[in-house]
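Asks: Can you read through this structure? Questions will come right after.
Taken together, the values in this text are just the output of simple stated rules run on the coordinates, not laboratory data. Please read all numbers here as calculations on a predicted model, not as lab measurements. FYI the Cβ positions are ideal-geometry reconstructions off the backbone, even for glycines, and counts take in every protein chain you see.
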Amino acid sequence: MKYLTENTSAALMGTLVLSAILSFSFHQKPALAFTEDKDWPCIQRKVDALSAGQMWRGNPVDPSDKSWQENKDVIKLANSIIVRRVPLEETDKIITEFTEKNSKDTNKLLEQTFLALLDETNKVRKEIINGIGKFSKRQKAFSKRIIENQRKIAEFEKKDADGTLTKEEDRELVKLEQQLEWDTRIHEEREKSLEYVCESPVLLEQRLFALSQQLKKHYK
């Protein structure tokens, strides 16, 4: 990570990104959230990037302002509170200690911290969302293969019932049945992870909003 530390970036993304990309499964639902992206399979509306206006209730801030990148204290604060394993009760204490030690230009420092958090959160969310889209495409192809194998099996079973199934076709039927059983099992296991994966961007959004509220509370 260019601005936040590599350890913090890895900790924030951690299993969240990997699970989202590797455990996600394609699932057709009748009531998907409106989106122009046909590869988006989640009920949750697809939001590509979070805006400062959505998350911040303090003085207006400009996301293009990257001055926080030059402030080691701001980066250190952002690093210490952005990781999800740190409870919000603890992050509030960390922010309080920070403001007590930095009584000069406190508001500016808090705004810069928010911009640092917004920047990093959007980067992680983008990776997750892109991963969901790519995996969804692969899962569509995977689902088509299952359907095609089901069709072939049905044809072989019909020939078997008619007594016209050859030995070679019988061997192919056995292979297809084994493959279908394996594919179906994998599909069902991945299907169970869909809800968690789709919640991942939402959890990051909720975390950022909670942190922004804590920062705003210490405005002077």
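Asks: So, with +1 on the Cβ of K and R and -1 on the Cβ of D and E, and no other charges, what is the size of the charge dipole of region 74-213 about its Cα centre, to the nearest 20 debye?
Replies: Values: 27 positive and 28 negative charges, 114 e Å.
Dipole about the Cα centre, nearest 20: 540 debye.
Asks: Something else: Report, in whole Å, the centroid distance computed from the Cα atoms of region 163-220 and region 111-155.
Replies: 9
Asks: Kindly write out, for region 92-104 in residue order, the coupling ³J(HN,Hα) from the Karplus curve 6.51 cos²θ - 1.76 cosθ + 1.60 (θ = phi - 60°), rounded to whole Hz, with x marking Gly and Pro.
Replies: In residue order, the calculated couplings are 5, 5, 5, 5, 4, 4, 5, 5, 5, 7, 10, 7, 9 Hz.
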